[in-house]
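Q: Here it is, the structure in full.
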Amino acid sequence: MTLAVPRNFTLLFTLGVLTSSALAQVVWQREEVGFEGIQSRARDLANKPYVAPNRDALPEWMNTLTYDQYRDIRFNPSQALWAADKLPFRAMFFHPGYLFREPVVLNEFTKTHEQQIRLAEAFFNYGPLIKKHGELPADGGFAGFRLHYPLNKPDYFDELAVFQGASYWRALGKNQRYGISSRGIAVDTGAEGVPEEFPNFREFWLRKPDPDATQARIYALLDGPSYSGAFEFTITPGDMTIIDVDAVLFARRAVKRLGIAPMSSMFWFGENSRRRFDDFRPEVHDSDGLAIRMATGERLWRPISNDSGKQEFSFFDMEKCDGFGLLQRDRRFAAYEDGEAAYHLRPSLWIEPTSDWKAGRVMLMENPSTNELTDNVVAMWEPAAMPQPGDRIEFKYRQHWTMDEDPSQADGHVVATRTGIHDWQTEQRTIAIEFVGNALNQQSDLPLTPQVQAVGPGSEKVKIQGITVQSMPEARWRVAFQIAPAAEGAKLSDVGPVELRCCIKRGDNFLTETWVQRLTP
């Protein structure tokens with residue numbers, strides 16, 4: 001076997017980090033790395049009892065780091081993987097410790113060789129809050145990594161994607177700011193009577209890019225109490241960064257709920273909120289709605305809400321899904337008035353299945369929140385046929401990290417939802433929905449016709465009245481209506497949750513997506 005010195009060995013050796021034994025640990029191994037091999041490892045894990053990561057494996061000084069101390073440990077950019085080779089992508093690593101006590105193994109590989117990347121002090125700059133620290137364990141691993149690429153300027157390597165914590169990752173396109181998160185799978189999320197599981201990416205393999213590469217390729221090994229899995233990520237940076245995901249899962253045991261292509265976001269309040277908070281900003285959210293494109297051609301838009309003060313679920317059943325995602329549609333700075341958080345620059349995440357997902361449903365879970373500090377919204381695909389122990393299942397999909405307001409290609413789509421009750425009409429609620437779209441503004445002898453209806457349980461208890469459609473500034477069209485109790489003398493608070501639907505037609509043609517919302521008292 002021919003021994004090749006790793007790219008960054010010279011600097012590390014000069015700094016006295018690597019001993020002769022450490023050199024043997026980082027030397028390239030002649031071994032072909034392929035996705036089939038990662039799948040085989042995942043299958044082997046599923047055939048054995050689950051062994052949880054040892055959260056006490058790190059030294060005490062790492063486990064006791066405070067938030068500020070952990071932030072004071074920064075990666076040394078000159079030590080970035082592939083920086084010395086001047087390749088189009090670079091990788092930087094996160095130090096283990098603080099909340100990240102389950103070390104992740106990182107590997108670099110080519111077509112014929114691989115090497116494990118060992119934790120070393122030379123990778124990091126320790127700030128003044130870390131005046132003294134203990135030894136770094138040779139097998140300590142990392143807390144994760146981030147990819148860099150010249151997204152915005154040709155001479156600066158911006159952050160492109162981050163993989164850190166459980167099976168979470170985030171990505172950016174050009175001129176975007178971090179917001180929504182994705183993860184490998186969701187297990188028993190919101191399932192009644194059982195705790196949610198958070199499987200971990202235990203190990204990653206980072207493909208060394210060619211000098212002219214326009215994509216980055218990563219493999220990941222996932223493991224958790226109920227599922228193990230192999231993931232392949234192909235990342236294409238750009239104005240809209242695209243991540244192609246191939247997920248192969250092996251069921252170790254049955255679960256109540258399995259979520260495919262799950263995503264987590266934050267919604268505190270928006271223009272549709274009835275629940276007001278004492279804040280100087282008009283809106284605060286990473287995403288303001290769920291968009292769905294069904295195989296039938298119908299497009300749905302479900303505004304996110306934080307009004308009820310309790311956990312809410314919405315399910316959208318279908319035989320085939322053509323796409324779904326949590327979107328940040330409002331791109332006006334004036335909608336947020338926050339120059340630091342820059343909510344108007346946070347990406348939407350649109351999922352496009354690239355294999356046959358068969359029947360299932362999109363689930364939206366909304367948790368109540370009184371601040372912007374934690375994600376409180378989850379969207380995911382739940383297959384109708386739940387895997388059984390020993391099953392192998394595979395899902396392929398494409399992620400679009402985008403600023404596009406309409407990735408479902410509905411043309412006519414919702415840009416605002418407004419609602420309120422007048423003091424002099426306390427037993428009816430006014431709802432106004434604003435649409436934009438090219439077809440809405442085309443000249444025609446046929447008028448625009450709003451379609452509004454209450455559907456499902458409880459729909460017989462309400463009546464819809466005063467339906468109008470009105471042209472608005474900025475090429476918007478507003479559909480407004482009132483909803484009131486159907487029974488004489490009844491109160492609106494007695495009606496209970498009611499599902500409402502609204503769209504705009506011209507003749508027999510649907511010109512917009514369908515707005516769907518659950519009205520709560």
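Q: Kindly list, by first and then second residue, each pair from a residue in the range 378-396 that is modelled with pLDDT of 95 or more to a residue that is acidic (Asp, Glu) and not in a loop (DSSP other than H, G, I, E, B), limited to pairs with Cβ atoms under 7 Å and residues at least 6 apart or on different chains.
A: These pairs meet every condition: LYS396/ASP246.
Q: Which one of the conditions (1) assigned to a strand (DSSP E or B); (2) under 22 Å from ALA166 (Cα atoms); (3) more than 23 Å from the chain's Cα centre (by Cα) does LEU119 fail to meet, given that it meets all the rest?
A: Against the list (1) assigned to a strand (DSSP E or B); (2) under 22 Å from ALA166 (Cα atoms); (3) more than 23 Å from the chain's Cα centre (by Cα), LEU119 comes up short only on (1).
Q: Give the residues of the range 83-114 that are surrounded by fewer than 20 Cβ atoms within 10 Å (Cβ to Cβ) and over 26 Å from the mean Cα position of the chain (by Cα), sorted by residue number.
A: Residues satisfying the conditions are ALA83, ALA84, ASP85, LYS86, LEU87, THR110, LYS111, THR112, HIS113, GLU114.
Q: Please determine, by comparing only the residues of the range 58-73 that are aromatic (Phe, Trp, Tyr) and within 29 Å of the chain's Cα centre (by Cα), which one is most open to solvent (accessible area, probe 1.4 Å).
A: Filtering first and then ranking leaves TYR67.
Q: Within the range 358-374, restricting attention to residues that are within 23 Å of TYR397 (Cα to Cα) and within 19 Å of the chain's Cα centre (by Cα), which residue is most open to solvent (accessible area, probe 1.4 Å)?
A: Here the residue is ARG361.
Q: Further question on the same structure: Give the residues of the range 258-301 that are free of Cβ contacts under 8 Å to residues at least 40 places away in the same chain and surrounded by fewer than 16 Cβ atoms within 10 Å (Cβ to Cβ), sorted by residue number.
A: ARG275, ARG276, ASP278, ASP279, ALA295, THR296, GLY297
Q: Could you look through the range 309-321, keep only residues that are open to solvent by 50 Å² or more (accessible area, probe 1.4 Å) and either charged (D, E, K, R) or assigned to a loop (DSSP other than H, G, I, E, B) (or both), and pick out the one that is farthest from ARG398 (Cα to Cα)?
A: Taking the candidates together, the pick is LYS310.
For (1) open to solvent by 30 Å² or more (accessible area, probe 1.4 Å); (2) β-branched (Val, Ile, Thr), each residue gets a yes or a no:
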{"position": "MET403", "(1), (2)": "yes, no"}
{"position": "ALA416", "(1), (2)": "no, no"}
{"position": "ILE421", "(1), (2)": "yes, yes"}
{"position": "LEU446", "(1), (2)": "yes, no"}
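Q: Restricting attention to the range 428-446, report how many residues are within 16 Å of ARG299 (Cβ to Cβ) and in a helix (DSSP H, G or I).
A: Going through the range 428-446 one residue at a time, the tally reaches 3.
Q: Same structure, new question: Of all strands (runs of 3 or more DSSP E) completely enclosed by the range 376-421, which ones contain at least 1 residues that are over 27 Å from SER305 (Cα atoms)?
A: Result: 392-402.
The values are calculated or read from the model by the stated rules, or taken from the named source; none is laboratory data. This structure is a prediction, so every number in the text was calculated from the model and none was measured. Because the Cβ atoms are built from the backbone with ideal geometry, glycine has one as well, and the counts that use them run over all protein chains shown. For accessibility, only protein heavy atoms count, side chains too; no ligands or nucleic acids. Shrake-Rupley method; radii C 1.70, N 1.55, O 1.52, S 1.80 Å.
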